[in-house]
Amino acid sequence: VLDHYRPHIPIHPDWPMVELGKVSQVISGFSFDSKDFAPNNPVKCVKIANVGVREFVVDEENNLPFDYRETYPTYMLRSGDLVIALTRSIISTGLKVAVVPLEYHHSLLNQRVAAIRERQDISDIRFIYYSLCSVPTYRYIEEKARSLMQPNLSVVDLKKLEIPIPPITTQRGIVAEIEAEQGLVAANRELINRFEQKIQVALARIWGKVEATKDEV
């Protein structure tokens, strides 16, 4: 059950299906020059390698100069934004979409990555995230990538992705339920780890006694 758990939004038939671009701000990354990246620069940059399947991969090597925040404000990210890979969006383990962590607040967005930001009073970013993790989204993006004859997703197609949008209070209630479920999943994983450790200790103790008995014989 734990290995196959995925967040699920039970869609009500009365909810309108709305294009992602109408309920959120979708930002396409900028093609920064490779020579501008250096580990000792202070401004973090989100590149395609940072976007895993429901996981943000931290990278300390690809940073940009300090003044780039003022030069490229359109591409500045906030913690809590979503990022999605536009090249090889789907791999064997799923769709490459992640949440920007706090340490990447005011980082800059590189090419072939798109960012998604909620529109207040219309959409909850966490609800959008769980919608993007759903099977219908996976199938939509898989089909769009296949139609281009290459594993790429266009920003236009991303904006046209339709997701269910109930009232904002309903969105937040569903998010709370999903996060409560995830808390239980995490707690059960921890419980399994604890009992596995206890089993290993018990087995080691039993085998120790067996070996001691052999030595006595």
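The values are calculated or read from the model by the stated rules, or taken from the named source; none is laboratory data. Just so it is clear, the model here is predicted, and its values are computed rather than measured. In this analysis, Cβ positions are derived from the backbone assuming ideal geometry, glycine residues included, and neighbour counts consider all displayed protein chains. Only protein heavy atoms, including side chains, enter the accessible area calculation; ligands, DNA and RNA are left aside. Shrake-Rupley method; radii C 1.70, N 1.55, O 1.52, S 1.80 Å.
Pairs linking a residue in region 46-66 that is charged (D, E, K, R) to a residue that is in a strand (DSSP E or B), with Cβ atoms under 6 Å and 6 or more positions apart or on different chains, are LYS47/ASN110; GLU55/ALA98.
For region 99-110, residues that are assigned to a strand (DSSP E or B) and either β-branched (Val, Ile, Thr) or in contact with a Gly (Cβ under 6 Å, 6 or more places away or on another chain) (or both) total 3. For region 67-92, which residues satisfy the criterion of being of a type in the set (S, T, N, Q), open to solvent by 50 Å² or more (accessible area, probe 1.4 Å) and touching a Pro at 6+ places or on another chain (Cβ under 7 Å)? Result: no residue meets the conditions. For LEU64, the conditions (1) in contact with a Cys (Cβ under 6 Å, 6 or more places away or on another chain); (2) surrounded by fewer than 20 Cβ atoms within 10 Å (Cβ to Cβ); (3) of a type outside the set (S, T, N, Q) all hold with the exception of (2). Screening region 29-79 for residues that are touching a helix residue (DSSP H, G or I) at 6+ places or on another chain (Cβ under 7 Å) and among the charged types (D, E, K, R) and picking the one that is modelled with the highest pLDDT gives LYS44. Output yes when any residue across region 113-136 is within 20 Å of PHE32 (Cβ to Cβ), part of a helix (DSSP H, G or I) and open to solvent by 60 Å² or more (accessible area, probe 1.4 Å), and no when none is. Checking region 113-136: not a single residue is within 20 Å of PHE32 (Cβ to Cβ), part of a helix (DSSP H, G or I) and open to solvent by 60 Å² or more (accessible area, probe 1.4 Å).
Filtered by the rule that a residue be open to solvent by less than 80 Å² (accessible area, probe 1.4 Å) and either assigned to a helix (DSSP H, G or I) or free of Cβ contacts under 8 Å to residues at least 40 places away in the same chain (or both), region 137-152 gives THR137, TYR138, TYR140, ILE141, GLU142, LYS144, ALA145, SER147, LEU148. If you filter region 93-112 down to residues that are small (Gly, Ala, Ser) and either farther than 17 Å from ARG54 by Cβ or at pLDDT below 95 (or both), you find that the one that is surrounded by the most Cβ atoms within 10 Å (Cβ to Cβ) is SER107. Taking region 71-91 as the range and being within 17 Å of SER131 (Cβ to Cβ), β-branched (Val, Ile, Thr) and free of Cβ contacts under 8 Å to residues at least 60 places away in the same chain as the test, only VAL83 passes.
The condition (being modelled with pLDDT under 70 and of a type in the set (D, E, K, R)) is satisfied by just one residue among GLU179, GLU190, GLU118, GLU142: GLU190.
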